[in-house]
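Participant: Got a structure for you, questions after.
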Amino acid sequence: MDKQLEKVVGMFSRYFFLLLLGIGNLYIFYKILTPLTIQSVGMILSLFTKTIISGNMILMKGVVIEIVPACVAGAAFYLLFLLIFSTAEVKPRKRFFALVTSVSILFFLNVIRIVFLSLIVDKTYFFVIHWLLWYIASTVFVVAVWFFIVRLYKIKSIPIYSDVKYLTSLRKSRKKSKRKKKN
């Protein structure tokens with residue numbers, strides 16, 4: 001297969017994969033991450049107090065903590081997948097390790113965020129801190145993880161932009177070759 005065609009097919013495969021992952025309101029992310037998040041949070045909280053897990057609820061000290069989809073942060077994980085799979089010029093092995101590293105880091109940060117909130121759930125300032133951690137910290141987490149991954153794996157291309165730039169260069173070179181054939 002022609003090198004350019006192979007590159008274009010690889011590019012469209014990456015974006016097709018991202019579309020598939022996003023189908024069903026990020027169903028795949030929530031199906032995998034919800035039980036992992038609940039069990040991880042429950043296990044850590046059990047180090048501090050007696051906990052009982054029932055479905056998506058964690059009961060401790062007379063307090064019920066419900067782990068809802070927003071707590072699981074499926075959209076944040078999808079954003080990381082989007083950044084990693086929309087980045088050109090990354091070999092499959094490096095992409096795999098970047099994905100595993102970034103998902104692991106974000107998962108750890110998210111579990112720590114939920115554990116922290118669980119420990120202050122009965123405080124009057126809980127809602128303010130919850131709001132700040134949900135809207136601001138989660139965004140900062142994703143951005144920080146992405147920049148860390150870029151630096152760690154020495155990623156040089158820019159998500160989406162590098163692919164668009166490559167497709168534009170193909171189009172320009174095709175126009176040039178058509179002009180040469182006419183002359």
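Participant: Could you calculate the contour length gain from A144 to H130, that is, 0.36 nm times the residue separation minus the distance between their Cα atoms, to one decimal place in nm?
Facilitator: Going from the current span to full extension adds 3.1 nm.
Participant: Which helices, counted as full DSSP H runs in the chain, have an axial Cα extent of no less than 18 Å and a Kyte-Doolittle average of -1.0 or above?
Facilitator: The qualifying helices are 3-45, 92-119, 138-152.
Participant: For region 18-61 and region 68-125, what is the centre-to-centre distance using only Cα atoms, to the nearest Å?
Facilitator: Measuring centre to centre over Cα atoms gives 13 Å.
Participant: Give me the percent relative contact order of the chain, please, defined on Cα pairs under 8 angstrom at least 6 residues apart.
Facilitator: Contact order relative to length: 22 percent.
Participant: Sort F29, F85, F12 so the one with the fewest other Cβ atoms within 10 Å of its own Cβ comes first.
Facilitator: Lowest to highest Cβ neighbour count: F12, F85, F29.
Participant: Quick check on the chain: helices-only [θ] at 222 nm, where DSSP H runs of length 4 and up contribute -39,500 (n - 2.57) each and the sum goes over total residues. Nearest 500, please.
Facilitator: Using -39500 (n - 2.57) per qualifying helix, the result is -24000 deg cm²/dmol.
Participant: Ok, one more. According to the Cα gyration tensor, what semi-axes, each the square root of 5 times an eigenvalue, does the equivalent ellipsoid of the chain have, listed from largest to smallest in whole Å?
Facilitator: 44, 15, 13
Participant: So how much slack lies between K156 and L59, counting 0.36 nm per residue of separation and subtracting their Cα-Cα distance, in nm?
Facilitator: The K156-L59 span can extend by a further 30.3 nm.
Values quoted throughout were computed directly from the atomic coordinates according to the rules given, and no laboratory measurement underlies them. This is a predicted model, so every value here is computed, not measured. Cβ atoms come from the backbone with ideal geometry, glycine included; neighbour counts cover every protein chain shown.
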